[in-house]
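Beneath this line is the structure, given in structure tokens, with notes to follow.
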Amino acid sequence: MENLLQKLDLAASYIKNKVGNDPIEVAMVLGSGLGDLANEISNPVIIDYKDIPSFPKSTVPGHAGRLVIGELLNKRVLCMQGRFHYYEGYDMDVVVFPIQVMKRLGIENLLLTNAAGCVNENWKPGDLMLITDHIKLVADNPLRGINFEELGPRFFDMSNAYDKDLCNLARSVAKEQNLDLKEGVYQLFTGPSFETPTEVKLARLLGADAVGMSTVPEAIAASHMGMKTLGISCLTNMAAGILDQPLNHEEVLETGKMVKNKFTTLVKAIVKKW
Ligand code: HPA
């Protein structure tokens, strides 16, 4: 049995064999309904997760389950079209395996995107939110267990998990585009059940502006390895209990489609200036 480092390096060399050794400047994880951005990558090399050694497989509708590597606005990028979620049954260390592979590929910059429920009642579905920080009351942690010093230190800082310079970059790009980019705190829930109305009230009391089922483990693993992370949420629905209507996944995907252009334009301009 290989240890984690050996598995990471096997996965990374498989990918390098397909795409060569030119440096990749930015890696992106595209959330529910936001995966179409990968279709704008030119000269793409597409690698199915199922073909990469030790990579888990995605099971969620709306998540394609492949890496797309190529050029976006003259930058070399790697996109995860579809990610792994804790609620699918993967342990958190498995959820962050692809992020660790990215770092082993030499990638230092990470854009995490997601669909999230909107907890801030001043905002509306379709708004985009810059993630400035997160709350993880979920007990588990992707770095629980043996620490590999080659990846990062046992104990590490999380105060710049969402890189302040990258936040400023996102703010200035949004301003140029006259885009009303909200900013706030994302709170992780495990899912797959959506939150109860009372959990949403609690999240708001704690300081959350959005709730979701992803991103936080990945941001933790990226911080561990000293990667610079930017996070953007697409607020696809008002969180449970705010409106007098039930939540469903179709609504999440529909809003994702609605804001696709706004989202894509913002992300491309950010990548261009990264
Ligand atoms: N809660 C959790 N995750 C989500 C939501 C939500 O309301 N919307 C999209 N992802």
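Here are the numbers:
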item	result
Ranking of Glu149, Glu121 by count of other Cβ atoms within 10 Å, fewest first	Glu149, Glu121
For the chain, alpha-carbon Rg relative to the globular expectation (2.2 N^0.38 Å, N residues)	0.94
Residue of Asn178, Asn147, Asn21 that the Gaussian network model of the chain assigns the largest fluctuation, springs spanning Cα pairs under 10 Å	Asn178
Dipole magnitude of region 214-274, debye to nearest 20 (Cβ charges: Lys/Arg +1, Asp/Glu -1, about Cα centre)	600
Extent along principal axes [Cα atoms of region 58-147; Å; largest to smallest]	41, 40, 28
Cβ-placed point charges (K, R +1; D, E -1), dipole of region 16-158 about Cα centre in debye, nearest 20	280
Candidates Asn237, Asn160, Asn122: whichever shows maximal mean-square fluctuation once the chain is modelled as a Gaussian network with Cα springs under 10 Å	Asn122
FRET efficiency, 1/(1 + (r/R0)^6) with R0 41 Å, evaluated for Asn168 and Ser54 via beta carbons	0.70
Rough spin-label spacing in nm, given labels placed 7 Å along Cα→Cβ, for Asn122 and Thr190	3.4
Kirkwood hydrodynamic radius of region 96-146, from inverse mean 1/r over distinct Cα pairs, in Å	14.2
Order by protection proxy (mean Cβ within 10 Å, highest first), peptides 72-78, 153-159	72-78, 153-159
Sorted by Cβ density within 10 Å, fewest first, the residues Cys79, Cys167	Cys167, Cys79
For the chain, size of Cβ-based charge dipole, Lys and Arg +1, Asp and Glu -1, in debye	520
3J(HN,Hα) from dihedral phi, region 40-48, Karplus parametrisation 6.51/-1.76/1.60, rounded to Hz, x for glycine, proline	8, 6, 8, 6, x, 9, 10, 10, 5
Contour excess over end-to-end distance, with Cα ends at Thr264 and Glu2 and 0.36 nm allotted per residue	90.4 nm
Largest-first ellipsoid semi-axes for region 132-274, taking √(5λ) over the Cα gyration tensor eigenvalues, angstrom	26, 23, 13
Protection-proxy order for peptides 11-17, 23-29, 94-100, each taking the mean of Cβ atoms within 10 Å per residue, highest first	94-100, 23-29, 11-17
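Read the figures in this text as sums done on the coordinates, not as results from a lab. In this text the structure is predicted, and so the values were computed from the model without any measurement. Please note: Cβ atoms are built from the backbone with ideal geometry, for glycine as well, and neighbour counts cover all protein chains shown.
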